[in-house]
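Input: a single structure, listed below in structure tokens.
The values are calculated or read from the model by the stated rules, or taken from the named source; none is laboratory data. The shown structure was predicted, so the numbers you read here are calculated from the model rather than taken from an experiment. Quick note on the areas: whole protein, heavy atoms, side chains included, nothing else; ligands and nucleic acids left out. Shrake-Rupley method; radii C 1.70, N 1.55, O 1.52, S 1.80 Å.
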Amino acid sequence: MPTFPLLRRTVVGGLLALSLTAGTAVAQTPQKWDMPSAYGGNSFIVKSFSDFADDVRARTDGRIDIVVHPGGSLYAGAEIMRAVRDGQVPIGERFMGAHANEDLIFGLDTLPFLATSQEDAWNLYQASKPALEEALAERNVKLLYTQLWAPQGLYSVREIKAVEDMEGLRFRAYDANTQRLAELAGAIPTRTEAAEIAQAFSTGMAEAMTASGAIGISQSIWDFADYFYKVNAWMPKSVVMVNMDVWNGLDDATRTALEEAAAEAEQKVWATMLEAEKADNETLAANGMQVLDPSPELAAGLRAIGAQMTQEWIEAAGERGAAVVSDYRER
């Protein structure tokens, strides 16, 4: 079982010592690092980015100043990976599942019902991390740390008691896995980025979606949908990434400061996810949504879809994918 504490005193002491060293050794010229994110500033994920930016600023004595741009205000979600890869920004955050069509490893953690608890999600991350780092490096990007989203629930404009009730619903799809889920459930997949959810629901282009409570809150989803089912479909990750050329241009002390700040940020955000999920569900209910457990029929139908999709993923991903899933299942 992983632990996600506010790091132990001995570890914190070591980090402080490293930060003092880094603060005196980084390049003398301050660097402003614009950091785009597709998600709204009120989500716990984006708040954690701001905390990370503050920590980096302190550890480097202000010589690396990360400025977070939430809500797709600097780059739309679909553009962020490219912007970091090409050096248009030095750092960015991106939801990995949205790039599953580029490399299947990016979509592993959005396979329905493969990892449905915090412990499962951590084990899946550890099993897949080497492959994830390799795939990002091939795109001139370094993985700095990950952010865990809360379990994905099912939003709908109408009541859903079984998978068959999803027939014909316009279903928000943001990656290959959500598109396949919609198809297997008999729904109609519609491509929608996070910042466009409210518009899609308000115009009828979307009538259902899988997403966390935080996403629903950021889009005031209660204005368009009445139901939120706690199906715990999966627990996906966003990745904070740095352009590899920028990273290689830093001195060792600065890289150490960033790595230690990233390690602490990762521990903190994974530790606070369950608390954030509970608060988000309460907010949805307070705004009039019906926050419900799925019926046994709906849960069973979704699990069957998940099992089929996992097997399809293993067959498509080949030996590397099969090895990652095998490693995860043995943990």
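Helical runs (DSSP H, four residues minimum) scored at -39500 (n - 2.57) apiece and divided by the length of the chain put the mean residue ellipticity at 222 nm at -16000 deg cm²/dmol. Distance between the C-alpha centers of segment 165-226 and segment 242-266? Whole Å please. Cα centroid of segment 165-226 versus Cα centroid of segment 242-266: 36 Å apart.
Residues considered: Thr203, Thr60, Thr190. Largest GNM mean-square fluctuation over the chain, using C-alpha springs under 10 Å, is found at Thr203. I need the shape label for segment 200-266. Rule: rounded when a/c is under 1.5, else prolate if a/b > b/c, else oblate, with a, b, c from the alpha carbon gyration tensor. It comes out prolate by the Cα gyration axes. Over all Cα atoms in segment 101-199, the spread is summed up by Rg and Dmax: 15.5, 45 Å.
Summarise the long-distance tail of P(r) for segment 237-288 by giving the % of C-alpha pairs beyond 17 Å. That fraction is 55 percent. What a 1.4 Å probe finds exposed on segment 142-213 is 45% carbon and sulfur by accessible area, rounded to a whole percent. Taking a ≥ b ≥ c as the square roots of the eigenvalues of the Cα gyration tensor, an a/c ratio of 1.5 or more together with a/b no larger than b/c marks segment 248-331 as oblate. The stretch between Ser326 and Arg82 holds 84.7 nm of extra length on full extension. This uses 0.36 nm per residue minus the Cα-Cα distance. Residue by residue, segment 210-217 carries 3J(HN,Hα) couplings of 9, 6, 7, x, 4, 5, x, 5 Hz when phi is fed to the Karplus relation 6.51 cos²θ - 1.76 cosθ + 1.60 (θ = phi - 60°); x denotes Gly or Pro. 3J(HN,Hα) along segment 181-186, derived from phi through the Karplus expression 6.51 cos²θ - 1.76 cosθ + 1.60 where θ = phi - 60°, amounts to 4, 4, 4, 5, 8, x Hz, with x in place of Gly and Pro. The residues of the chain expose on average 41 square angstrom of accessible surface per residue, using a 1.4 Å probe on protein heavy atoms. Residues in segment 103-113 carry Karplus couplings, in order, of 8, 4, 4, 5, x, 4, 7, 9, 6, x, 6 Hz; the curve used is 6.51 cos²θ - 1.76 cosθ + 1.60 with θ = phi - 60°, and Gly or Pro positions show x. Close amide-amide hydrogen proximity is noted between Ala206 and Phe201, each under 5 Å apart and 5 or more residues distant or on a separate chain (H modeled in the peptide plane; Pro and chain starts excluded).
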